[in-house]
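Report on the structure given below.
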Amino acid sequence: MQDTLSIIKPDGVRKKIVGKILKRFEDNGFEIINPRYINLSKEEASEFYNIHKGKPFFDDLIIFMTSGPCLPFIIRGENAILRVRELMGSTDPDEAAPETIRADFADSIDSNVIHGSDSEQSAKREIRFFFG
Ligand code: CMP
């Protein structure tokens with residue numbers, strides 16, 4: 001069993017696809033833990049994404065992540081970190097495999113409906129960030 005951190009981003013909430021996304025994880029045998037809507041402040045979003053500070057897309061990412069409520073939650077299951085990333089598809093929806101969440105619902109690399117931790121270390125840090 002492994003835990004990973006996912007966030008349905010503000011575009012996913014605006015599109016009203018929260019239920020569809022959570023169902024995909026549940027249909028694949030995962031447990032959804034502690035989903036709750038929050039509004040990230042600029043400071044919180046900058047801290048969460050601090051590894052991207054200085055990159056050309058950073059400022060737009062912070063504006064986007066603070067543009068409305070988002071839904072962080074923990075996903076628990078076997079090999080969760082890797083399998084959740086597979087179910088999400090590539091960061092850029094144009095490169096995402098068919099039937100992945102981003103291929104089906106995302107508009108662009110900047111507006112890609114969902115986040116998932118990319119390693120064990122990130123998952124620990126990101127779960128601590130939202131859930132202490
Ligand atoms: P995510 O994996 O949640 O974390 C960083 C986000 O930055 C990423 O999703 C994308 O939505 C966004 N982003 C925009 N441009 C890029 C890029 N060139 N490489 C990686 N992430 C990008």
**Request:** Can you confirm whether the range 28-41 contains a residue that is touching a residue at least 24 places away in the same chain (Cβ under 8 Å) and assigned to a helix (DSSP H, G or I)?
**Result:** no
**Message:** Go through (1) open to solvent by less than 20 Å² (accessible area, probe 1.4 Å); (2) over 18 Å from Val113 (Cβ atoms) for Tyr49 and report which single condition fails.
**Reply:** (2)
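Quick grid of which residues meet (1) within 16 Å of the chain's Cα centre (by Cα); (2) farther than 23 Å from Asn39 by Cβ; (3) within 11 Å of the ligand (Cβ to nearest atom); (4) hydroxyl-bearing (Ser, Thr, Tyr):
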position	(1), (2), (3), (4)
Phe64	yes, no, yes, no
Ser67	yes, no, no, yes
Leu71	yes, no, no, no
Ile75	yes, no, no, no
Glu78	no, yes, no, no
Leu82	yes, yes, no, no
Pro93	yes, yes, yes, no
Ala96	yes, yes, no, no
**Request:** Pairs only if they're at least six apart or on different chains, beta carbon under 8 angstrom, first in the range 42-66 and in contact (Cβ under 8 Å) with a residue 24 or more places away in the chain, second among the β-branched types (Val, Ile, Thr) and crowded, with 17+ Cβ neighbours inside 10 Å; list them, first residue then second.
**Result:** Lys42/Ile62; Lys42/Thr66
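The values are calculated or read from the model by the stated rules, or taken from the named source; none is laboratory data. Just so we're clear, the structure is a prediction, and the values are computed from it rather than from any experiment. Every residue, glycine as well, gets a Cβ built from its backbone with ideal geometry; the counts of neighbours run over all protein chains shown. These accessible areas exclude ligands, DNA and RNA; they are computed on the full protein's heavy atoms, side chains included. Shrake-Rupley method; radii C 1.70, N 1.55, O 1.52, S 1.80 Å.
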